[in-house]
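Have a look at the structure below, then the notes.
The values are calculated or read from the model by the stated rules, or taken from the named source; none is laboratory data. Please read all numbers here as calculations on a predicted model, not as lab measurements. Neighbour counts are summed over all protein chains in view; Cβ atoms, including those assigned to glycine, are modelled from backbone coordinates with ideal geometry.
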Amino acid sequence: MQFIVMDLEWNNTYSKKANGYINEIIEIGAVKLDEELDTVDTFSCIIRSQIGKKLRGTVKRLTQLTNADINSGMPFTKAFSMFRKWIGNDDTVILTWGDGDIRVLLDNFKYLNGIKVIPFLKKYCDLQKSFQKFSSSGKGQQTGLLAAAEILGIDPEMYIHHRALGDSMLTADILKKIYPMGIVEPDFIECNEEFYSKLLYKAKVIRNIDNPLVDKKRLNHTCESCGTACTQLTNWKFHCQFFRANFYCEKCDLTYSVGIRFKKLYDQVEFRKIVSVKEPEPKIELEENAE
């Protein structure tokens, strides 16, 4: 068995054909590892833009790629044909950090090639999902690539960030750290019809607090300083994808701003919680008039 750790960079651009925005892939990077997790080879390719004419400013700033770079890149179909040959015929697991790259790749194959599968994807693993088993992050709290590296004692400054090859190399080194723990292999997925059904399912954020899918046990907060159950000060209000409310810990005299999100996925409800401490409002002292 071999492992292919892949990363993609993309540019969000408007498509008349799709009558909406699409994330167009502009770069692919990958690291090939053997069954002993030794690095065998790397792959890197800038992909010619076929949908968008210009890179967004944020993409240029993060990747340091220019419009000239993507205009002189390799066509999508040719680039991924080369990538497929580079992978070879060995039993292969393709890994990415989060499943966002796989979703974007599938969208690009559908848009540019008219096919609804990724030809070279037979087995897949979302390494970010595997890492959550190791990390102390709470359920629903996804850990970013750089944060994961720091948790594992890997210096992220040794890698080129926001470039496909650099990010795939960092992801590969994270794989080498956590694979021996036995938490990665259980997440290997066969890329069958059910896999694509889950991938194509459009997740929906639940907007009604009375929805039966909302876990009412989550509608509370425990003080992060003392562990005491907090008193809810305000009703839950939906704003920017989160239900939001304020909670108060009398013991610590702390007020928390709490946001919770329930997202309906293909076969489960994803929960995410964000918390911040509200700063006390300054007291205004009125000066007494001198007589």
query = Taking the stated definitions as given, is Ser257 over 30 Å from Lys122 (Cα atoms), of a type in the set (Ser, Thr, Tyr), within 25 Å of the chain's Cα centre (by Cα) and not assigned by TED's automatic domain parsing to the domain that holds Lys116?
reply = yes
ask   = Does Lys122 qualify as being out of contact with any helix residue (DSSP H, G or I) (no Cβ under 6 Å at 6 or more places or on another chain), free of Cβ contacts under 8 Å to residues at least 24 places away in the same chain and closer than 22 Å to Tyr201 by Cβ?
value = no
message = So, in region 51-73, how many residues would count as being exposed (fewer than 15 other Cβ atoms within 10 Å of the Cβ) and in contact with a helix residue (DSSP H, G or I) (Cβ under 9 Å, 6 or more places away or on another chain)?
response = 4
message = Looking at region 252-269, can you tell me whether even one residue there is out of contact with any strand residue (DSSP E or B) (no Cβ under 8 Å at 6 or more places or on another chain) and modelled with pLDDT of 95 or more?
response = yes
task = Could you give me the residue pairs with C-beta distances under 7 Å whose first residue belongs to region 156-182 and is assigned by TED's automatic domain parsing to the domain that holds Arg61, whose second residue is of a type in the set (D, E, K, R) and part of a helix (DSSP H, G or I) wherever it lies, and which are 6+ apart or on separate chains?
result = Pro156/Glu150; His161/Asp167
inquiry  = Between a residue in region 6-29 that is within 15 Å of Phe109 (Cβ to Cβ) and any residue that is of a type in the set (S, T, N, Q) and surrounded by fewer than 18 Cβ atoms within 10 Å (Cβ to Cβ), which pairs come within a Cβ distance under 7 Å, given they are 6 or more apart or on different chains?
reply    = Ile22/Ser15; Asn23/Asn12
query = If Leu65 passes every condition in (1) assigned to a loop (DSSP other than H, G, I, E, B); (2) more than 22 Å from the chain's Cα centre (by Cα); (3) not hydroxyl-bearing (Ser, Thr, Tyr) but one, which one does it miss?
reply = (2)
note = For Lys53, the lone unmet condition from (1) part of a loop (DSSP other than H, G, I, E, B); (2) in contact (Cβ under 8 Å) with a residue 60 or more places away in the chain; (3) of a type outside the set (A, V, I, L, M, F, W, C) is (2)
query = In region 178-214, what count of residues is obtained for those that are among the polar types (S, T, N, Q) and under 20 Å from the mean Cα position of the chain (by Cα)?
reply = 1
query = Quick one: Leu105 ticks every box in (1) out of contact with any Phe, Trp or Tyr (no Cβ under 8 Å at 6 or more places or on another chain); (2) over 23 Å from Lys177 (Cα atoms); (3) aliphatic (A, V, I, L, M); (4) free of Cβ contacts under 8 Å to residues at least 60 places away in the same chain bar one, so which box is it?
reply = (4)
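Residue by residue, here is whether (1) under 25 Å from Glu9 (Cα atoms); (2) polar (S, T, N, Q) holds:
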| position | (1), (2) |
| --- | --- |
| Lys176 | yes, no |
| Ile183 | no, no |
| Ile189 | yes, no |
| Asn208 | no, yes |
| Leu213 | no, no |
| His221 | no, no |
| Ser225 | no, yes |
| Asn235 | no, yes |
request  = Confirm whether Asp90 is farther than 30 Å from Lys16 by Cα, in contact (Cβ under 8 Å) with a residue 24 or more places away in the chain and assigned to a loop (DSSP other than H, G, I, E, B).
outcome  = yes
